[in-house]
Amino acid sequence: MAGWGARVRTANYHRKMTSLDLARELDATDPLAEYNGRFVPADEQSLLAYLDGNSLGRPLKASAERLQEFVTGQWATRLIRGWTDEWMQWPHLIGDAIGSAALGAAPGQVIVGDSTTVMLYKLARAAIAARPGRSEIVIDTDNFPTDRYIVEGIADELSMTIRWIETDQSTGISTEQVEAAVGPATALALFSHVAYRSGFIADMQAITASVHVAGGLVLWDLSHSVGSVPVLLDACDVDFAVGCTYKYLNGGPGAPAFAYVRERLQDGVSQPIWGWLGRRDSFEMAHGYEPADGIRRFISGTPPIISMIPVRAGIELVAEAGIDRIREKSVALTEFALKVVDGWAPELGVTIGSPRDSTVRGGHVTICRSDFRELTPALWDEGVIPDFRAPDGIRLGLSPLSTTFVELHRGLAAIEAAAARR
Ligand SMILES: *Cc1c(COP(=O)(O)O)cnc(C)c1O
């Protein structure tokens, strides 16, 4: 799997060829090159390089077609019958598709619905309720804001204590730090698999094991890994996980989240938002809430069917391309970015805020300079779209199925030029 990335790293373009030549060659030999044509093309005049596919993935042509077909087809003709035809099963079907293509999860453990934030709340509460008498939640200071705020809210609500792990922003959370933070009071530990800022990949298996040794449960946020870095939830013995579908899965703005709950835990846990569609025999409209069996109980209200259409197209694309091949290209893209930035004049003062070791680096690379906050709007005006992450990072989100090496090269050249101008 390291093959392609290593080829980029060792390519000797200084003597034999320019970085643009190398980008062209990498595109020409990219086994996933055809997937770029599956996306709705952007206007090349106004968009030179889209380097933010890890915040909002590009739309697939299949999504445009299927959304149109759905409105005039199933919705218009089947109307309310659509629910019993198949819509009620979509959260399960699409959940299982995500589980099998991207998460290493056997069927019956993944469901789609709500936002990532709401799912985080539901799963965190379910985990805490399953560990009565334990009063602590472990989380790291550099976790994504919504994860931190959800934990703060729950700690406030349930009078629990938060045990903060101080993370080094340019690396990430280590197993040793987790081992030192967990103990007999730990109910839940919540971490991101791929750090949203640095792209650092946490050791899911070892960290999960150390939380389990302390008797706690673990909840992983997979928003920056799903569809980009292979995840092995079952093999890592994970308890709970959530993630976004609008990043590398190209589900569209506000697309619903997915939740994973390990099969052995499902019937023993209770999530806090008791809605009619998570109840056993929903349509009996009976008195009193009784949770449905299995993963179904993690649904609260009516599933967001229209929003799942692009998610379905997105996960089908990942399944077709194969997550291991996606990862291989992802590594090659991030290696290429690092190689080009390493070739910049030292006077530019740009540093790397992501791991250099590709085995612990996800699909994005952060580069740093103190004035990148001021520089980013000018890049956007030029049609070069990365994003800025405080305090000083430009984050290059490289989406393997839609980003080309030449596009990345264009973006990097614009950043280099803008940095040199200032
Ligand atoms: C993008 C992201 C979210 C987003 O949550 P929403 O509820 O969809 O806004 C949550 N967690 C992480 C780690 C993310 O990267």
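The values are calculated or read from the model by the stated rules, or taken from the named source; none is laboratory data. Everything numeric in this text was worked out from a predicted model, so none of it was measured. Quick reminder, even Gly has a Cβ in these numbers, built from the backbone with ideal geometry, and neighbours come from all protein chains shown.
Would you confirm whether or not the stretch 318-339 contains a residue that is without any contact (Cβ under 8 Å) to a residue 12 or more places away in the chain and in a helix (DSSP H, G or I)?
yes
Yes or no: residue 206 surrounded by fewer than 24 Cβ atoms within 10 Å (Cβ to Cβ) and closer than 20 Å to residue 360 by Cβ?
yes
Kindly check whether there is at least one residue in the stretch 341-350 that is in contact with a strand residue (DSSP E or B) (Cβ under 6 Å, 6 or more places away or on another chain), buried (at least 24 other Cβ atoms within 10 Å of the Cβ) and within 26 Å of residue 46 (Cβ to Cβ).
Within the stretch 341-350, not a single residue is in contact with a strand residue (DSSP E or B) (Cβ under 6 Å, 6 or more places away or on another chain), buried (at least 24 other Cβ atoms within 10 Å of the Cβ) and within 26 Å of residue 46 (Cβ to Cβ).
Has the stretch 40-60 got at least one residue that is in a helix (DSSP H, G or I) and either farther than 30 Å from residue 261 by Cα or assigned by TED's automatic domain parsing to the domain that holds residue 344 (or both)?
no
Would you call residue 216 in contact with a strand residue (DSSP E or B) (Cβ under 8 Å, 6 or more places away or on another chain) and more than 16 Å from the ligand (Cβ to nearest atom)?
Spelling it out, residue 216 is indeed in contact with a strand residue (DSSP E or B) (Cβ under 8 Å, 6 or more places away or on another chain) and more than 16 Å from the ligand (Cβ to nearest atom).
Just one of 57, 37, 82 is among the small types (Gly, Ala, Ser), closer than 27 Å to residue 330 by Cβ, at pLDDT 95 or above and more than 16 Å from the ligand (Cβ to nearest atom); which is it?
Going through 57, 37, 82 in turn, just one is among the small types (Gly, Ala, Ser), closer than 27 Å to residue 330 by Cβ, at pLDDT 95 or above and more than 16 Å from the ligand (Cβ to nearest atom): 37.
Here is a check on your reading of the model: is residue 258 surrounded by 15 or more Cβ atoms within 10 Å (Cβ to Cβ), aromatic (Phe, Trp, Tyr) and away from the ligand (no atom under 16 Å from the Cβ)? Give the steps one after another, and end with the answer.
Details: surrounded by 15 or more Cβ atoms within 10 Å (Cβ to Cβ): yes; aromatic (Phe, Trp, Tyr): yes; away from the ligand (no atom under 16 Å from the Cβ): no.
Here the answer is no, as residue 258 does not meet what is asked.
If you go through the stretch 114-138 one residue at a time, how many are more than 12 Å from the ligand (Cβ to nearest atom) and either part of a loop (DSSP other than H, G, I, E, B) or aliphatic (A, V, I, L, M) (or both)?
Looking only at that region, the number is 14.
Would you point out which residue out of 405, 372, 388 is surrounded by fewer than 21 Cβ atoms within 10 Å (Cβ to Cβ) and aromatic (Phe, Trp, Tyr)?
After ruling out the rest, the residue left standing is 388.
Does the stretch 43-63 contain any residue that is more than 18 Å from residue 310 (Cβ to Cβ), of a type in the set (Gly, Ala, Ser), over 18 Å from the mean Cα position of the chain (by Cα) and surrounded by 15 or more Cβ atoms within 10 Å (Cβ to Cβ)?
Checked against the condition, which is being more than 18 Å from residue 310 (Cβ to Cβ), of a type in the set (Gly, Ala, Ser), over 18 Å from the mean Cα position of the chain (by Cα) and surrounded by 15 or more Cβ atoms within 10 Å (Cβ to Cβ), the stretch 43-63 yields at least one hit.
Looking at the stretch 241-255, which of its residues are in a loop (DSSP other than H, G, I, E, B) and either within 14 Å of residue 318 (Cβ to Cβ) or within 11 Å of the ligand (Cβ to nearest atom) (or both)?
Hits for the stretch 241-255 are 244, 245, 246, 247, 248, 249, 250, 251, 253, 254, 255.
Among (1) more than 14 Å from residue 88 (Cα to Cα); (2) more than 21 Å from the chain's Cα centre (by Cα); (3) surrounded by 14 or more Cβ atoms within 10 Å (Cβ to Cβ), there is one condition residue 287 misses while meeting the rest; what is its number?
Tallying (1) more than 14 Å from residue 88 (Cα to Cα); (2) more than 21 Å from the chain's Cα centre (by Cα); (3) surrounded by 14 or more Cβ atoms within 10 Å (Cβ to Cβ), residue 287 fails exactly one: (3).
Would you check which residues across the stretch 186-200 are assigned to a strand (DSSP E or B), touching a residue at least 60 places away in the same chain (Cβ under 8 Å) and within 9 Å of the ligand (Cβ to nearest atom) and list them? Full working, then the answer.
From the stretch 186-200, those assigned to a strand (DSSP E or B) are 186-192, 194, 200; that's our starting set.
Then keep just the ones that are touching a residue at least 60 places away in the same chain (Cβ under 8 Å); that gives 187-188, 190, 194, 200.
Scanning the stretch 186-200 gives a single hit, 194.
Of (1) surrounded by 21 or more Cβ atoms within 10 Å (Cβ to Cβ); (2) at pLDDT 95 or above, residue 142 satisfies all except one. Which?
Just one mismatch for residue 142, condition (2).
Being assigned to a helix (DSSP H, G or I), over 21 Å from residue 249 (Cβ atoms) and of a type in the set (A, V, I, L, M) is the filter here, so list the residues in the stretch 76-94 that pass it. I'd like the intermediate steps shown before the answer.
Taking the stretch 76-94 as the starting set, the residues that turn out to be assigned to a helix (DSSP H, G or I) are 76-78, 81-85, 87-94.
Now restrict to residues that are over 21 Å from residue 249 (Cβ atoms): 76-78, 81-85, 88.
If the condition is that a residue be assigned to a helix (DSSP H, G or I), over 21 Å from residue 249 (Cβ atoms) and of a type in the set (A, V, I, L, M), then 76, 88 are the ones that fit.
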